[in-house]
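What follows is a single structure, written as structure tokens, with notes after it.
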Amino acid sequence: MNAGAPDLTNDYDEPCAACEAVVPAGTGVLRHGPTGGWQVFHPGEAPEPGPPARQDLPGWHRRRLMALDIATTGNRPAVDRILSAAIRVSDGTIGDWIMDPGSNIPSSIPRRAPGITVERARAEGVPAARALEEVATLLADHLASNEVLVVWFAPHVLTTLHAELLRHGVAPLTDRLPHGVAPVCDPLVLDRHADRYRPGRRSLRAVTAWYGIPHDRPGDAASDAGATLELARTIGASYPSIARLSRPALHTEQIRWNAEQSRRHPDALDWPFATVEPLPWEPPPPD
């Protein structure tokens, strides 16, 4: 839990996990237990807050996972352009692309990711259509084998990718995968479900810090993809109820969990993505 955040407390009388004496309702402190549940402590006996211990659990998280992340010109999936993309695979395979966003994107828009500007992408990037075809081919081949694709905040990343593929005349994943773009794992959805009452931010930087995962360059597509891959494996190893899900069930349950998590946000994109049509470039609104 973040420094200064209030501790969660017990709703019922329960034995203290440290001394076994009864902790009256509303007076104890909750901490993650060794198997992913909760334990109650007297306030003076509670250990420092932290995630549940990782376990040697079988499950989808021990299979071949592929993680995708992108850096873009902004947060409007139908409008903004991909400047870089990165793929990291649990078998050590990597892929990195810098994409030329085209001459109609002004160089003066604010930097959206460390080291990636429109100017750099235009100078160093390959034609977007070529890079997007390579990315889409790798993703489609992986998903066609029924292995899990890991994407942090999948609705933004995969919706932006869908729009960019259409924009550049490249076949989208929906055309390449007749049985659907699945199975997808979104560690943001998993973490919100598994530890829904934890206070504090749920950015990739904050969540990787909570689980003790190194993340040196937040906002950089390669660093984000690597951190997201390790985060998915860690969450799977930390929560038996998530680890035991089959790959199809993992995907289906996240649709339901994300709907619950987004019910106060009626404009939220569908999970894992929305099939939007690409829109012409327009400057972002002023901050």
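In the assembled protein chains, SER108 presents an accessible area of approximately 100 Å² (probe radius 1.4 Å). The string of couplings for the range 152-159 from the Karplus curve (6.51, -1.76, 1.60, θ = phi - 60°) is 6, 6, 3, x, 6, 5, 6, 5 Hz, one whole number per residue in order, with x for Gly and Pro.
A helix-only calculation puts the chain at -10000 deg cm²/dmol for mean residue ellipticity at 222 nm, using -39500 (n - 2.57) for each DSSP H run of at least four residues, averaged over all residues.
Rounded to the nearest 10 square angstrom, ARG198 shows an accessible area of 20 square angstrom against a 1.4 Å probe. In percent, rounded to a whole number, the relative contact order of the range 155-287 is 40, using alpha-carbon pairs under 8 Å and six or more apart. Around the Cα centre of the range 220-287, unit charges on the Cβ atoms of Lys, Arg, Asp and Glu (plus for the first two, minus for the last two) sum to a dipole of about 580 debye.
Taking square-rooted eigenvalues a ≥ b ≥ c of the alpha carbon gyration tensor, is the range 171-227 rounded, prolate or oblate, where a/c under 1.5 means rounded and, failing that, a/b exceeding b/c means prolate?
It comes out oblate by the Cα gyration axes.
Under 8 Å for C-alpha pairs, at least 6 residues apart: give me the relative contact order for the chain, rounded to a whole percent.
Here the relative contact order equals 22 percent.
Here the range 13-78 is assigned +1 on the Cβ of each Lys and Arg and -1 on the Cβ of each Asp and Glu. Its dipole about the Cα centre then comes out at about 640 debye.
I'd like the orientation of helix 247-261 relative to the chain: the angle between its Cα long axis and the longest Cα principal axis, in ° from 0 to 90, rounded to 10. Computed tilt is about 80 degrees. Maximal additional length on extending the THR93-ASN75 stretch stands at 3.7 nm, based on 0.36 nm per residue less the C-alpha distance.
Put simply, when 95-102, 40-47 are sorted by average Cβ atoms within 10 angstrom per residue, most first, you get 95-102, 40-47.
So if I place +1 on the C-beta of Lys and Arg and -1 on the C-beta of Asp and Glu, and nothing else carries charge, what would the dipole magnitude of the chain be about its Cα centre? I want it in debye, nearest 20.
About 200 debye.
Secondary structure note: in the chain, about 75% of the DSSP beta bridges are antiparallel. Cα centroids of the range 148-211 and the range 57-113: 11 Å apart.
If you work out P(r) over Cα pairs in 10 Å bins from 0, in percent from the coordinates, which of (1) 6, 26, 32, 20, 10, 4, 1; (2) 6, 22, 21, 13, 14, 13, 8, 3, 0, 0; (3) 7, 28, 33, 16, 6, 6, 4, 2, 0 do you get? Correct label, based on the coordinates given: (1).
Of the residues LEU177, SER241, LEU161, the one whose Cα sits farthest toward the positive end of the charge dipole of the range 159-262, with +1 on the Cβ of Lys and Arg and -1 on the Cβ of Asp and Glu, is SER241.
With a cut-off of 12 Å between beta carbons, the residues surrounding ALA136 carry a summed charge of -3, where Lys and Arg count +1 and Asp and Glu -1. On the protein heavy atoms, probe 1.4 angstrom, tell me the percent of accessible surface of the chain carried by carbon and sulfur. Roughly 52 percent, rounded to a whole number.
Near VAL23, the amide H atoms lying under 5 Å from its own belong to GLU14, CYS16; only residues 5 or more places off or on other chains count, and H is placed 1.01 Å from N. Since only ILE70, PRO47, PRO58 are under comparison, the one whose Cα sits farthest along the positive direction of the charge dipole of the range 12-106, derived from C-beta charges on Lys, Arg, Asp and Glu, is ILE70. The angle between the Cα long axis of helix 128-144 and the longest principal axis of the Cα atoms of the chain comes to about 40 degrees, rounded to the nearest 10.
The values are calculated or read from the model by the stated rules, or taken from the named source; none is laboratory data. Note that the coordinates shown come from a computational prediction; the quantities given were computed from them, not determined experimentally. Heads up, the Cβs are rebuilt from the backbone with ideal geometry, glycines too, and the neighbour counts pull from every protein chain shown. Just the protein is used for accessible areas: all its heavy atoms, side chains included, with ligands, DNA and RNA removed. Shrake-Rupley method; radii C 1.70, N 1.55, O 1.52, S 1.80 Å.
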